[in-house]
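**Student:** Okay, here's the structure, questions in a sec.
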Amino acid sequence: MRGSGIKHNNGGKGGAKPAENKKAEPGRPGNIILRHLIFAAAFIACMLALHFSGIACPIRFITSEPCPACGVTRSLLALLRLDFAAAAYYNPASPLIAVLLLCGLHHNALKLNSGAMTAFYVLGLICVLASYLIRRCLMLAV
């Protein structure tokens with residue numbers, strides 16, 4: 001309260017010492033590894049749940065239409081084999097999706113402001129959706 005006249009005693013040491021922050025910093029290697037492990041565990045849990053339920057793609061199961069991410073797993077595996085033609089066939093937006101995922105996991109290490117990161121994610125999402133719409137239009141034209 002302002003003007004209450006209460007003085008705080010700081011022990012006569014010339015000011016309070018800042019509390020030491022013993023939490024790990026966001027960009028430290030331990031946090032990055034933990035973040036990757038959590039992401040991998042969640043991904044594996046989702047894949048197992050889908051596998052045992054018999055649903056390959058929840059969006060396709062609900063709508064009977066392929067989603068923008070359909071084929072990304074096969075495409076990323078093709079990229080790991082350096083088979084760029086197969087990667088483009090399965091999902092041409094998969095390299096961009098991989099970059100978006102990596103940036104999401106490492107956004108603290110990139111040290112970009114939140115506005116730049118938001119713009120990057122929105123632009124990436126627009127590109128992925130544009131790729132999806134082009135693929136859908138080409139599939140309907142055949």
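The values are calculated or read from the model by the stated rules, or taken from the named source; none is laboratory data. All values derive from a computational prediction rather than experimental measurement. Please note: Cβ atoms are built from the backbone with ideal geometry, for glycine as well, and neighbour counts cover all protein chains shown. With ligands, DNA and RNA removed, areas are computed over all heavy atoms of the protein, side chains included. Shrake-Rupley method; radii C 1.70, N 1.55, O 1.52, S 1.80 Å.
**Student:** Cα atoms only, the stretch 53-142: Rg and Dmax in Å?
**Tutor:** For the stretch 53-142, the Cα-based Rg and Dmax read 14.8, 45 Å.
**Student:** In addition: Which of the trypsin sites (Lys or Arg not before Pro) found in the stretch 65-114 are loop residues per DSSP with 12 or fewer other Cβ atoms within 10 Å of their Cβ?
**Tutor:** Arg81, Lys111
**Student:** Report relative contact order for the stretch 42-142 in percent, whole number only (criteria: Cα-Cα under 8 Å, sequence separation at least 6).
**Tutor:** Normalised by residue count, the contact order of the stretch 42-142 is 20 percent.
**Student:** So, for the stretch 99-142, what is the accessible surface per residue at a probe of 1.4 Å, expressed in square angstrom? Provide the component values of the computation, followed by the final result.
**Tutor:** Working: 3160 Å² over 44 residues.
Result: 72 Å² per residue.
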